[in-house]
Structures are given as C-alpha cells and as structure tokens.
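One structure is given here, and the rest of the page talks about it.
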Amino acid sequence: ILVSILAGTGVLRTAERGDVTYTKTEDTPDGKFEIPADSPDQFAIERPTDVDAYYNMVVRYQNGGPMFNPWGSASDIQKFHYFPVFYFIFLPLSFLGYLGFKISWLAISVLATIAGSYLLLRTESEEHDLNPSRQQLLGMSVLSAGFQPMVTNFKVGQMTPVIYACLAGFWWAYRTNRITLAGAVLVVSTVIKPYFLTPFVLLWKRSQWRGVVGFIAAFIGLNGLVIL
C-alpha cells in the first residue's frame with residue numbers, strides 16, 4: 001500500500017511548478033516540425049517519458065504530422081512508440097490536458113494491473129480446484145499494483161500494465177477453451193510489443209484454425225483501422 005501511494009505521488013510530480021515545459025516545435029532530421037501559430041496544441045516535455053510520447057503523438061497528428069515519431073535521438077523520446085492505432089486510445093485522454101492525461105493514464109494502468117492479476121488468479125484457482133473467496137482474489141489483485149517492477153512502469157507511463165492485462169486475458173481465454181477469443185486478445189499485446197506473439201504457439205497446439213483465425217482477423221482489423 002505504501003509503495004502504491006509513493007508511486008502515485010511520483011507520477012504526479014507534474015503538479016510542481018516549473019516541472020513541465022511546452023514547445024510548439026520538434027526537431028527532425030528534415031528540419032523543425034512547427035505547430036501552426038493558431039493551434040492551441042503544444043508538445044509537452046518533462047523527462048521525457050513514455051507518457052510524454054503518447055501525448056505528443058496526439059498533438060503531432062492533430063497538426064498534420066504522422067501518428068508515430070519517425071525521428072528521435074538517444075537524448076529524446078524513442079524513435080518509434082508503438083502501433084499507430086493507439087492514437088485512438090490516447091485521443092480522448094488528451095482532452096483533459098497534459099496533467100489530466102497523465103492522471104487518467106495512471107488510473108488505467110493501475111486498473112489494468114489489478115484486472116490482469118484477478119484474471120490470472122481466478123483462472124489458476126479454478127484450474128487447480130482452489131476455492132479462494134472473491135474478496136481474497138480482489139484483495140491480492142489490488143495489492144499486486146504495489147509490486148515494485150510494475151510501479152516503475154507506472155512512474156514513466158509505459159504500456160506494460162496493458163500488456164499484462166492482455167496476456168492475462170489471453171491465458172483466461174485459453175484455459176477456458178475460448179480459443180478464438182484468445183487469438184484476438186493476443187493481437188493487442190503483439191501490436192504493442194511484437195515479441196509477445198510467442199504464446200501464439202499455444203493456439204496452434206490447441207486448435208489449428210480457431211485461434212489462428214481469431215488472431216489474423218483482429219490483426220487485419222487493427223491495420224485496416226490505421227489505414228482508413
């Protein structure tokens with residue numbers, strides 16, 4: 001509980017005066033990317049952290065730029081920050097402003113961690129004929145948000161909590177023989193980090209078509225959305 005509180009106050013450092021700077025330009029190998037003078041948008045620069053990249057992705061795209069950052073350097077945000085479809089997730093959060101964006105993303109990350117832990121605990125409890133109460137499962141799931149490696153992800157706003165929840169959803173669907181759903185859920189974690197395609201081998205082992213079809217259909221759907 002204490003670690004969770006400290007993590008929360010760490011993420012909300014942006015409430016301190018002078019902690020965040022804003023700019024209407026972004027350096028690129030082709031010159032400076034300039035936000036129009038009449039646009040209310042500005043890039044946010046803090047450390048920078050992952051959450052800055054997500055917020056700036058929305059600002060950049062709304063002002064004529066690409067959905068992802070094709071530039072970057074060792075001293076700046078990473079060159080590529082995840083699949084462009086996540087623009088649609090971050091867009092509503094950007095309406096709250098930069099600080100609201102960070103607070104809401106923190107809330108989503110914590111809830112994703114709790115949900116992922118709950119799914120894993122419930123799935124394995126049923127698999128091994130254990131009978132913990134719902135309150136016990138929920139209590140352990142809430143406490144898992146204070147696990148130090150996940151707290152580190154909260155502090156910089158990484159996607160790891162969402163990946164964790166997706167993999168937990170995949171495992172629940174796999175264990176309960178919802179193979180097509182398992183394939184579709186696995187797509188989300190895969191487009192965030194391609195190496196999370198690894199569990200795909202389980203789908204092929206269990207079913208040579210349902211899981212594969214679910215994965216391919218969801219993957220094509222996400223790419224189609226980005227293209228449109």
Solvent-accessible surface (1.4 angstrom probe) belonging to ASP50, in square angstrom, nearest 10
20 Å²
Using Cα centres only, tell me the gap between segment 85-139 and segment 151-199 in whole Å.
12 Å
Nearest 0.05, what FRET efficiency do TYR195 and MET140 give at R0 = 30 Å with Cβ-Cβ as r?
0.60
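Compare ILE114, ILE192 by solvent-accessible area with a 1.4 Å probe and give them largest first, with all protein chains kept in place.
Values: ILE114 30, ILE192 5 Å².
Accessible-area ranking of ILE114, ILE192, largest first: ILE114, ILE192.
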Could you please put GLU26, GLU124 in sequence from largest to smallest accessible area, using a 1.4 Å probe?
GLU124, GLU26
Highest-first arrangement of 143-155, 178-190, where packing means the average Cβ count within 10 Å:
178-190, 143-155
What does the charge dipole of segment 131-228 about its Cα centre add up to, to the nearest 20 debye, if the Cβ of each Lys and Arg holds +1 and the Cβ of each Asp and Glu holds -1?
220 debye
Accessible area, 1.4 Å probe, largest first: how do LYS102, LYS193, LYS32, LYS205 sort?
LYS205, LYS32, LYS193, LYS102
Straight-line reach check, LYS205, cutoff 30 Å on alpha carbons, 8 or more apart in-chain or any other chain, hits among lysines -> LYS193
For segment 54-207, accessible area per residue (1.4 Å probe, heavy atoms of protein chains only), Å²:
49 Å²
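The values are calculated or read from the model by the stated rules, or taken from the named source; none is laboratory data. As the structure is a prediction and not an experimental result, all values here were calculated from the model. Note: ideal-geometry Cβ built from the backbone for every residue, glycine included; neighbour counts use all protein chains shown. These accessible areas exclude ligands, DNA and RNA; they are computed on the full protein's heavy atoms, side chains included. Shrake-Rupley method; radii C 1.70, N 1.55, O 1.52, S 1.80 Å.
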